[in-house]
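Nothing in this text is a laboratory measurement; each read-out follows from the coordinates by a stated rule. On a predicted model such as this, the values are computed, not experimentally measured, just so you know. Every residue, glycine among them, receives a Cβ derived from its backbone with ideal geometry; neighbour counts consider all protein chains shown.
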Amino acid sequence: MLRPVDIRTHLPEVLRAFGGQNALLTAGDRTAANTMTIGWCQAGRLWNLPVCTVYVRPERYTYGFMEAQDYSTVSVLPAEHRKTMALCGSQSGRDVDKFAACGLTLAYGAGDAPYPEQAELVLVCRKLYVQDMDAACVRAEPEIARFYGEPGGWHRIYTGQIVEIYSSGIEEL
C-alpha cells in the first residue's frame, strides 16, 4: 500500500530507486491519461526545491499530456511488472489503453496527476521549467548521436517540483 512520505527526509532513498529500475512517466487528468516507460530521469535540487527532470520526444503520445497539464508523475513498479514496463515502452497510447492492457489501476495525486496504484514509489511533480534539447549544445557528439536520428526528434526537457512522494517501502510519516 502506498503511503505519503516526507520529501525533505526521504529524497535520498527515492534517488536509489532510479538507475536500477526503469520508471513510468504518467500525465493527464481524470478524463484522459497516458503512461510511458522512461529510462532517463533525474532527481535532485534546483532553485532550492526538490525536482525531477524527465525527457519526452514531441512525437510521443505522452507529449501532448505533458504540454496540457501542470502535474505529472514518475512511478517505479515492483520487479514483477517487467511485462508492464515492456508494453508501456513499446506500444503507443494512441493504439492501446496501456492501463487496461496491463491491469493498472489509476490513482491521483496533487493536481489530479494520475499514477498506477500498483507502484512501489511515486513522485508527483508540478511543472516548473520546459525547454527543448538543442543539437548545437551537445559537446560529446559520438556518445549522444546514437540516441537521435531516424526514430525521432530531440527531446523536450520537463523539470518539475516534487510536491508529493508516495511509497510502499519507506516508513509512514
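Inspect region 112-129 for any residue being under 18 Å from the mean Cα position of the chain (by Cα) and in a helix (DSSP H, G or I) and give the result as yes or no. Within region 112-129 (the criterion being under 18 Å from the mean Cα position of the chain (by Cα) and in a helix (DSSP H, G or I)), the answer is yes, since at least one residue qualifies. Filtering region 130-146 to residues that are part of a loop (DSSP other than H, G, I, E, B), within 21 Å of residue 52 (Cα to Cα) and among the hydrophobic types (A, V, I, L, M, F, W, C) leaves only 133.
Each row is one residue, and each column tells you yes or no for (1) closer than 18 Å to residue 37 by Cβ; (2) basic (Lys, Arg).
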residue: 79; (1), (2): yes, no
residue: 83; (1), (2): yes, yes
residue: 109; (1), (2): no, no
residue: 112; (1), (2): no, no
residue: 125; (1), (2): yes, no
residue: 128; (1), (2): no, no
residue: 163; (1), (2): no, no
